[in-house]
Amino acid sequence: MDVDADEPTTVVDTATEPVLDTGDRNAFDHYGVSPASVVEIGDSLGLFYFGWDRPEEVRYTMFAGLALSNDGGDSFQRYSDEPILPPIEGERYARSAPFVIRCNGKYHMYYVAGDEWIAVDGQKVPTYNLKYKQSSDGLYWDDGPGETVLELDGEDEYGFGRPFAIHEKGVVKLWYSVRTRSKGYRIGYAESTNGTDFVRMDEQVDIDVSPSGWDSEMVCFPGVIDAGDGHRYMFYNGNGYGKTGIGAARLE
């Protein structure tokens with residue numbers, strides 16, 4: 001979907017075909033592909049995404065992949081048929097939601113990872129923390145585990161949703177979804193001066209569920225941009241992880 005750069009709540013165009021479809025029968029992304037971030041890699045646009053599979057031992061797995069576009073983002077082709085973050089010890093079932101920014105000549109990735117499942121409201125769900133990795137070219141990411149940058153706080157929290165980061169005036173500003181037992185999904189926020197040691201400031205988000213309507217049960221998956229009208233906007237999803245559409249909020 002394209003929106004007006006000066007009026008980002010105005011939709012200009014929407015795609016008629018998928019920019020990236022699911023993988024082959026035995027691929028790590030056969031059951032679904034979810035976008036996480038887009039960044040320039042050389043002369044191409046790199047789409048970091050996560051693919052869904054359904055193995056026998058757990059309900060699903062989520063691993064990070066990369067696809068490249070040479071037509072300005074109208075279509076993407078897989079850089080590899082294998083995940084760029086394959087399963088490893090400690091991150092066996094989820095190495096997912098890779099958000100990548102380029103800063104100081106390096107590519108910096110924030111992603112979620114874990115290998116445990118817990119019961120929430122009678123259903124098995126994965127639990128994971130927020131991790132960090134670095135790459136010199138955006139294509140190769142080392143095989144080791146990521147550095148934990150945000151850990152769950154208390155028994156109520158059991159996971160983080162897709163992060164979204166910007167580097168602004170020497171500070172990495174990080175938005176994310178917090179999965180909780182009591183409230184479901186809510187949006188959180190943290191800051192870091194070195195990109196790895198974050199201080200949570202969730203109260204500064206100041207956006208919560210509405211009293212009624214499409215985002216009355218959850219708010220999640222924030223994406224933040226500065227528009228030509230001089231305002232900062234946050235796109236986000238509501239009930240059912242975005243089942244009925246995309247919302248926008250403006251920073252006041």
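No value in this document is a laboratory result; all are computed from the given coordinates. Note that the structure is a prediction, hence the values are computed from the model and not measured. Neighbour counts run over all protein chains shown; Cβ positions are idealised from the backbone, glycine included.
Below is a table of values for the structure above.
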quantity: Qualifying GluC sites (Glu not before Pro) for the stretch 17-63 [loop in DSSP, other Cβ within 10 Å: at most 15]; calculated: GLU56, GLU57
quantity: Per residue Cα convex hull volume in Å³ - calculated over the stretch 110-252; calculated: 150 Å³
quantity: Point-to-point label distance, ARG200-GLN134, nm (Cα→Cβ direction, 7 Å offset); calculated: 2.5 nm
quantity: Cα-centre dipole for the chain with unit charges at Cβ (Lys and Arg positive, Asp and Glu negative), debye to 20; calculated: 380 debye
quantity: Helical contribution to [θ] at 222 nm, DSSP H n ≥ 4, -39,500 (n - 2.57), averaged over the chain, rounded to 500; calculated: 0 deg cm²/dmol
quantity: Filter on LYS106/LYS243; LYS131/LYS169; LYS169/LYS243; LYS133/LYS243 - keep pairs with C-alpha separation over 26 Å; calculated: LYS106/LYS243; LYS169/LYS243; LYS133/LYS243
quantity: Set of aspartates and glutamates near LYS124 by C-alpha distance (under 13 Å), chain-local residues within fewer than 8 positions excluded; calculated: GLU57, ASP115, GLU116
quantity: Amide proton proximity set for VAL3, modelled H, under 5 Å, gap of 5+; calculated: VAL12
quantity: Extension gain (nm, one decimal) between THR193 and ARG102, 0.36 nm per residue minus Cα-Cα; calculated: 31.2 nm
quantity: Simple spin-label estimate for GLU217 and ASP4 in nanometres, 7 Å along Cα-Cβ; calculated: 3.3 nm
quantity: Principal semi-axes in Å for the chain [√(5λ), Cα gyration tensor, largest first]; calculated: 24, 23, 20
quantity: ILE246-GLU89 FRET efficiency (beta carbon distance; Förster radius 30 Å; 0.05 resolution); calculated: 0.20
